[in-house]
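Structure record follows, encoded as structure tokens.
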Amino acid sequence: MIPFISLRLFLLAYILVRKLVFNVKIVFCGEGGVGKSSILHRFFNNEFIENMSLTRGFGFYYRILNLDRFVTKITYWDLGGQEQFDEMTKNSQLLNRTLATVFVFDVSRISTIKGIHVWSKIIPLNRAPIKVLVGNKIDLISNISSTENILKPLAIDLGVQKYFLTSAATGFGIKALFEYIDEKIVSLIRSILSVYERKMPSKVIS
């Protein structure tokens, strides 16, 4: 029988020779007008547009993390929250293979939390290991402590690992949000690579 290299051994050899490329999907969801597009625009362009137009269906941002052993190509999906785009954006098949889900609501309009509960039933949460809750527009309220009292039980209910208070208008909390997501993505990929390395067979299978 002709010897062959197992898939795991091939994967490890590939890792040693060249960098692996991981494609990652991150979804920002929530009701229309909560500031999903503004959060992404603030992070990528470091500016705030007062009257940003509503996202029609989907919006996309792209970014590459070039690390020592692998490259991560990240696509940020900005999902339109308006009802007229429901049929397009709430297609569960399009949302498959989501690595991270960012639920966004407007802290100055507590009623927008309802949209988060709707999205939590659509996006396959059990397949998205990284889940974050964001209360945006913190610059429009004066009582932050009362907002945190709402965030904590909501985060537990959704099963999210962490929540953030942000302001796309001032930039508050934006950097911390994306740094956290980056750290979780890198940690998850490294753990996957570590598992393959530990399971590498000690000899070529024949």
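Structure above, values below:
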read-out: Residues that are touching a residue at least 12 places away in the same chain (Cβ under 8 Å) and in a helix (DSSP H, G or I), drawn from the stretch 118-134; value: Trp119, Ser120, Ile122, Leu125, Arg127
read-out: Cβ pairs under 6 Å, 6+ apart, first in the stretch 135-159 and under 18 Å from Ala176 (Cα atoms) and touching a residue at least 24 places away in the same chain (Cβ under 8 Å), second of a type outside the set (Asp, Glu) and in a helix (DSSP H, G or I); value: Gly135/Thr147; Gly135/Leu151
read-out: Index of the failed condition, Val186 passing every other in (1) of a type outside the set (Gly, Ala, Ser); (2) farther than 30 Å from Asp139 by Cα; (3) modelled with pLDDT of 90 or more; (4) not in a helix (DSSP H, G or I); value: (4)
read-out: Of residues in the stretch 3-30 being among the charged types (D, E, K, R) and modelled with pLDDT under 90, the one farthest from Thr75 (Cα to Cα); value: Arg8
read-out: Lone unmet requirement of (1) within 18 Å of the chain's Cα centre (by Cα); (2) more than 21 Å from Ile49 (Cβ to Cβ); (3) outside any loop (DSSP other than H, G, I, E, B) for Val160; value: (3)
read-out: Output for the stretch 132-167, where each listed residue is out of contact with any strand residue (DSSP E or B) (no Cβ under 6 Å at 6 or more places or on another chain) and within 18 Å of Asn46 (Cβ to Cβ); value: Asp139, Ser167
read-out: Test: Gly59 is modelled with pLDDT under 90 and part of a strand (DSSP E or B); value: yes
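Results for (1) modelled with pLDDT of 90 or more; (2) outside any helix (DSSP H, G or I); (3) farther than 23 Å from Asp182 by Cα, shown as yes or no for each residue.
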residue	(1), (2), (3)
Leu40	yes, no, no
Thr55	no, yes, yes
Leu65	no, yes, no
Asp68	no, yes, no
Lys73	yes, yes, no
Tyr76	yes, yes, no
Phe103	yes, yes, no
Ser108	yes, yes, yes
Thr112	yes, no, yes
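The values are calculated or read from the model by the stated rules, or taken from the named source; none is laboratory data. Remember, it's a predicted structure, so these values are computed and weren't measured experimentally. Using ideal geometry, Cβ is built from the backbone for each residue, glycine included, and neighbour counts are taken over all protein chains shown.
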